[in-house]
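So the structure is just underneath, and the comments pick up after that.
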Amino acid sequence: MQTLFIQVKCELGSSYDVAAAAVETVDEVSEVHSTSGHYDLMLTCYLEDDTDIGHFVNKKIHALPGIKDTYTIIGLKAFS
């Protein structure tokens, strides 16, 4: 399983709509957090090991209406 954290900049006034669309239409999105700083949202995504990350981001995340920019962080190891 691959873990991605995708920071999202939204068009002004669209962050709640983008968050709703992400959790409702993209199965790989586990949760969405509203954040302060340079980005409006942080998406936590879980992908199967054989999933192409670039294709996923380009075809499923960038396709959501209201997204202006993204920054993808690949999780390497989870500690608990």
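The values are calculated or read from the model by the stated rules, or taken from the named source; none is laboratory data. Source: prediction; values computed, not measured. Here the Cβ positions follow ideal geometry from the backbone for every residue, glycine too, while neighbour counts run over all protein chains shown. All accessible areas refer to the heavy atoms of the entire protein, side chains included, with ligands and DNA or RNA removed. Shrake-Rupley method; radii C 1.70, N 1.55, O 1.52, S 1.80 Å.
Hey, could you check region 33-45 for residues that are on the phi < 0 side of the Ramachandran plot and out of contact with any strand residue (DSSP E or B) (no Cβ under 7 Å at 6 or more places or on another chain) and say which is most open to solvent (accessible area, probe 1.4 Å)? Looking at residues that are on the phi < 0 side of the Ramachandran plot and out of contact with any strand residue (DSSP E or B) (no Cβ under 7 Å at 6 or more places or on another chain), I get His38. Say whether the condition of being touching a residue at least 12 places away in the same chain (Cβ under 8 Å), loosely packed, with under 15 Cβ neighbours inside 10 Å and farther than 22 Å from Met1 by Cβ is met by at least one residue in region 53-67. Yes, because at least one residue in region 53-67 is touching a residue at least 12 places away in the same chain (Cβ under 8 Å), loosely packed, with under 15 Cβ neighbours inside 10 Å and farther than 22 Å from Met1 by Cβ. Just one of the numbered conditions (1) under 15 Å from Lys68 (Cα atoms); (2) surrounded by fewer than 16 Cβ atoms within 10 Å (Cβ to Cβ) is not true of Ser30: (1). Please specify each residue of region 1-27 satisfying the condition of being in contact with a helix residue (DSSP H, G or I) (Cβ under 9 Å, 6 or more places away or on another chain), of a type in the set (Val, Ile, Thr) and over 12 Å from Tyr71 (Cβ atoms). If the condition is that a residue be in contact with a helix residue (DSSP H, G or I) (Cβ under 9 Å, 6 or more places away or on another chain), of a type in the set (Val, Ile, Thr) and over 12 Å from Tyr71 (Cβ atoms), then Thr25, Val26 are the ones that fit.
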